[in-house]
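The structure under discussion appears below in the form of C-alpha cells.
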Amino acid sequence: MYTEGILYNSIIKKLEEVADIMDLDQDIRKMISKPNNEITVNFPVKMGDGRVEVFTGYRVQHNNILGPYKGGVRFHSLVTLDEIRTIAFSMTLKTSLTNIPFGGANGGIRIEPSRYTLDELEHITRRFTFALGTNIGAEYDISEPDVNTNSQIMAWIMDTYLYTIPPVERNAHTHVVTGKPIKLGGSLGRDKASGQGLVYLIQKWSEDNGFSLEDATYMIQGFGNVGSWTARLMKSYGSRLIAVEDSTGPILNMDGIEPDELCRYVSENGTISGYPKAKSIDHETFFRTKADIFVPAALGSQITADTAPLLEVKLIAEGTDNPTTMEGGKILQKKGIDVLPDILCNSGGVIVSYFEWLQNKRSEFWEIEEVDSKLHMNIINAYERVSKAAKSYETDWRTAAYIVAISHLEMIYKRRGIFP
C-alpha cells in the first residue's frame, strides 16, 4: 500500500504551495505528486566468511514525461523508501529546471558500507542490480553515483546489467549508468561536476550582488565528492575555507584550511577528524561560525528550526538534496540570507551525467573544456530563469526554482495529453 513519509509530505506541501502561486492545473498536480513506480527488493548475498545476509534495496521512478528516469544510487544505513522517494521527486524538478531530457529517479541499499570488504561490496552491488532486472535500462532508467557510491560501483552495475541482455546488444547499452571510470566510457569532468556547477553559481551570485570572492570566507558541511571539489575549486577565487564538518564532527581554523591538504588527509585517514591544522569544535559552534558562504553538502534536513537561527552567513549554496526543512527555510528568509536552492545548485552532476550519456550514445569523447563550457552555459541559463521568476512572482529563489521546473512539466503534459 502506498504511504507517504515525513520527508515526502514536506516536499508535497512545497509543491502545493507553489502550485497555488502559479495556479497549476489540478490534474497535473495529481500526476506529479505521486511516483510512477516504486520497487523494493530483498536479496541474499553470501559474505566472505560464508554466512548469508539479506539486504533491502529500493528504486523509485518518480516521473519520465521528459525522458528516461535518471538518478543516483546511495549506500547508507539510514536509507529509507521515504528518503528515496523524496530525492526522486527532487530529481524530476532538477532535470526539468535545467532542460535536461531525463525524468527523476533515485535508489539505494540500506547498508553501512564500511562494515564490508571490497569484494563483499561488489557482490552486494551486482546482486542488487540483478534483482532490479528489467526495471533499469540505458533508455529507461539510468543510475549515477550518490552517497557512498562511486565510479567503481557504477562499473559493477554496468557490467552486471550488460550480462542480462543479448551479447549482440551489449556495446550499445553502456550508458545504463553514468559516472563510470573514464576508461569505461565515463566523461571528463563528471567527478567534479556537482562542485563545479555549484561554484559557477556562487561566482554568478557574487557578480550579481557586487560581492568579491577574494578572501571571502566559507564553510562546508560534508567533505565527500561535492564538498571537497567545492573547496578545491573555490581556491582559484581566493576564498578562504574556515570550517568543515563531516560525520565525525567539525573542525575550524579562522586563518583558513588548505583544501588540497585536507583532501590528502581525508584520503589517507578517511575523515577530517584529527586534521592537525584546525581545531575540533562542536556542532553548535560550527553553525554559529560567522562566514560569508555556507555549503551544506552532507545528508538532508540539516538546516532546521533549531540550526537556521544560528547561521550568520550571506549565502547558502545547497550542495545536497533537501538540506533545508520548510521551517528552516522560513527562518532563513526572515534573516535575509540568500539561498541557491538544491534543485538548481547541485544540478551540475545530472547535467554532466547527461553529457556522458550522450557521448556514449554517439560514440564520442569530449575534452574537459567542452564539458565545462556546456555545463557553465546550461547551469547559468537555469540561474537566469530562476532569477527572472523570482522577480516576476516576487518570491524567494526556492519557490521560483519550483515554478520554473513545474511550468516546464505542465507545458509538456498539456502538449502530450493523457492516454487514452
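Computed from the coordinates by the stated procedures, all read-outs in this text should not be read as laboratory data. Everything quoted here is computed from the prediction, not taken from an experiment. Cβ placement follows ideal geometry from the backbone for every residue including glycine, while neighbour counts extend to all protein chains displayed.
So here's what we get for this one:
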item: Burial order of peptide ranges 261-270, 46-55 (average beta-carbon count within 10 Å, highest first); result: 261-270, 46-55
item: Reported label for calculated P(r) over Cα pairs in 20 Å bins from 0, in percent given [x] 27, 60, 13, 0; [y] 28, 55, 17, 0; [z] 22, 48, 29, 1; result: [x]
item: Charge sum, other residues only, whose C-beta stays under 15 Å from V339's C-beta, Lys/Arg counted +1 and Asp/Glu -1; result: -2
item: Span-rule helices in the chain, defined as complete DSSP H runs reaching 20 Å or more along the axis (Cα) with Kyte mean at least 0.5; result: 6-22
item: Average Cα contact separation per residue, segment 193-345, under 8 Å, 6 or more apart, as relative contact order %; result: 21 percent
item: Burial ranking of peptide ranges 312-319, 411-418, 149-156 (average Cβ count within 10 Å, highest at the top); result: 312-319, 149-156, 411-418
item: Alpha-carbon Rg with Dmax, taken over segment 228-270, Å; result: 10.2, 29
item: Selection of GluC sites (Glu not before Pro), segment 90-183, meeting DSSP coil and at most 15 other Cβ within 10 Å; result: E139
item: Relative contact order computed over the chain (Cα-Cα under 8 Å; 6+ residues apart), in percent; result: 15 percent
item: Surrounding net charge for F128, when Lys and Arg each add one and Asp and Glu each subtract one, Cβ distance under 12 Å; result: +4
item: For Q152, net neighbour charge (Lys/Arg +1, Asp/Glu -1) across residues whose Cβ lies under 14 Å away; result: -3
item: Set of aspartates and glutamates with alpha-carbon distance to K183 below 15 Å, sequence-local pairs under 8 removed; result: D159, D191, E356, E364, E367
item: Pairs from K13/K391; K314/K361; K391/K414 whose Cα-Cα separation, in the structure shown, is over 32 Å; result: K314/K361
item: Modelled FRET efficiency - R0 41 Å, E327 with R416, Cβ distances, 0.05 increments; result: 0.65
item: Percent of C-alpha pairs per 10 Å bin, segment 15-77, short to long; result: 16, 31, 26, 16, 8, 3
item: Charge dipole magnitude, Cβ of K and R +1, D and E -1 - the chain, Cα centre, debye nearest 20; result: 700 debye
item: Within segment 381-420, GluC sites (Glu not before Pro) in DSSP loop having at most 14 other beta-carbon neighbours inside 10 Å; result: E394
item: Sorted peptide list for 338-348, 12-22, criterion being average Cβ within 10 angstrom, highest first; result: 338-348, 12-22
item: Isotropic mean projected area of the C-alpha convex hull, segment 193-345 (nm²); result: 7.9 nm²
item: Proximal aspartates and glutamates relative to K330, as straight alpha-carbon distance under 14 Å, when same-chain residues fewer than 8 apart are discounted; result: E17, D306, D338, D396
item: Principal axis dimensions, largest first and in whole angstrom, of segment 36-184 by Cα; result: 48, 38, 25
